[in-house]
Amino acid sequence: MNEEAERLLEQKELEQAQRISRIALEKGAREIERAVGDVMEKSRKIFRKEGETFEDGDAKRLVEDPPQHSDFPFMILVVAMAKDTLDWVGTALALTIIGIIVWIFVYIVGLVLALALFMWCFSKSSGGWWKKKIIRYLWIRYALAMCIELIPGLNLIPANTIFILMVHYREKKIVKLFNLALEEMKKAGILKYI
């Protein structure tokens with residue numbers, strides 16, 4: 001009978017230890033869930049403050065594949081500046097009879113440079129998962145720059161150069177915001193729970 005009582009006592013102690021363990025796990029899970037929720041809300045606020053959105057799936061993708069800062073696009077900026085300069089030259093040359101012949105050459109070179117800018121835009125929209133944040137922005141600004149190029153007189157505005165600078169700034173801003181969100185996750189120690 002004594003053995004039976006000891007076995008029952010051990011079984012009750014084991015059940016109580018399991019219950020305590022389960023409660024501790026549930027409490028820990030709730031605390032982790034709360035910490036994750038707090039960091040996600042803080043990240044959303046950071047993004048909202050800058051006029052951007054931080055979506056639910058972004059956190060997981062951010063932890064798996066953080067965005068890298070891109071280098072300044074010096075070569076494409078030179079192409080944009082050359083295109084803008086050719087627009088000025090083409091507009092000035094179109095006012096003379098001899099200039100019309102040269103203007104045709106300038107126009108063809110301008111089209112080649114515009115194609116290079118288009119290819120750069122296309123390459124910007126592929127790559128990292130986070131680039132979806134700039135795709136719409138990029139194509140709307142590109143279309144606007146090309147429309148400006150078609151309007152006589154307005155093509156004197158260096159729209160291509162401005163466009164390249166705006167897109168680079170926007171890309172750096174998005175990467176900076178995602179890196180801030182990643183830092184918040186690291187500080188909270190929740191990376192492994194995302």
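The values are calculated or read from the model by the stated rules, or taken from the named source; none is laboratory data. Values in this document were obtained by computation on a predicted structure and should not be read as measured data. Every residue, glycine among them, receives a Cβ derived from its backbone with ideal geometry; neighbour counts consider all protein chains shown. We work out accessible area using only protein heavy atoms, side chains counted, and drop any ligands, DNA or RNA first. Shrake-Rupley method; radii C 1.70, N 1.55, O 1.52, S 1.80 Å.
Below is a table of values for the structure above.
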| quantity | calculated |
| --- | --- |
| For the chain, size of Cβ-based charge dipole, Lys and Arg +1, Asp and Glu -1, in debye | 640 |
| P(r) histogram, all alpha-carbon pairs of the range 91-194 included - 10 Å bins from 0, percent | 13, 33, 24, 15, 9, 4, 2, 0 |
| Highest-MSF residue in the chain out of Asp58, Asp38, Asp71 [GNM, Cα springs under 10 Å] | Asp71 |
| In degrees, nearest ten, helix 132-150 long axis to first principal axis of the chain (Cα) | 10 |
| Protein accessible area in the range 57-194, 1.4 Å probe - carbon and sulfur % | 74 |
| Pairwise FRET efficiency - Ile140 versus Lys45, Cβ, R0 = 25 Å, nearest 0.05 | 0.45 |
| Highest to lowest packing among 142-154, 108-120, scored as the average C-beta count within 10 Å | 108-120, 142-154 |
| Cα-based radius of gyration of the chain once divided by 2.2 N^0.38 Å, which approximates compact folds | 1.81 |
| Choice from Lys173, Lys60, Lys49 with maximal GNM fluctuation in the chain (Cα, 10 Å cutoff) | Lys49 |
| Listed pairs Lys60/Lys133; Lys124/Lys187; Lys42/Lys124; Lys42/Lys133 exceeding 26 Å between Cα atoms | Lys124/Lys187; Lys42/Lys124 |
| Estimated inter-spin distance, Leu165 and Arg34, nm [label 7 Å along Cα→Cβ] | 4.9 |
| Nearest-ten-degree value, helix 159-188 long axis tilted from longest Cα axis of the chain | 10 |
| Helix 74-93 vs. the chain, principal-axis angle (Cα, 0 to 90°, nearest 10) | 30 |
| Pair Asp56, Lys132: separation of 7 Å Cα→Cβ label points (nm) | 1.3 |
| Sites Ala82 and Ala188, calculated FRET efficiency, Cβ-Cβ separation with R0 45 Å, nearest 0.05 | 0.40 |
| 13 Å beta-carbon shell around Val109, net charge (K/R +1, D/E -1) | -1 |
| Choice from Glu64, Glu15, Glu55 showing the highest fluctuation, given a GNM over the chain with Cα pairs closer than 10 Å | Glu15 |
| Efficiency of FRET between Leu95 and Leu115 - r from beta-carbon atoms, R0 22 angstrom, step 0.05 | 0.25 |
| Farthest toward positive dipole pole in the chain [+1 Lys/Arg, -1 Asp/Glu at C-beta], among Ala92, Pro73, Met185 | Ala92 |
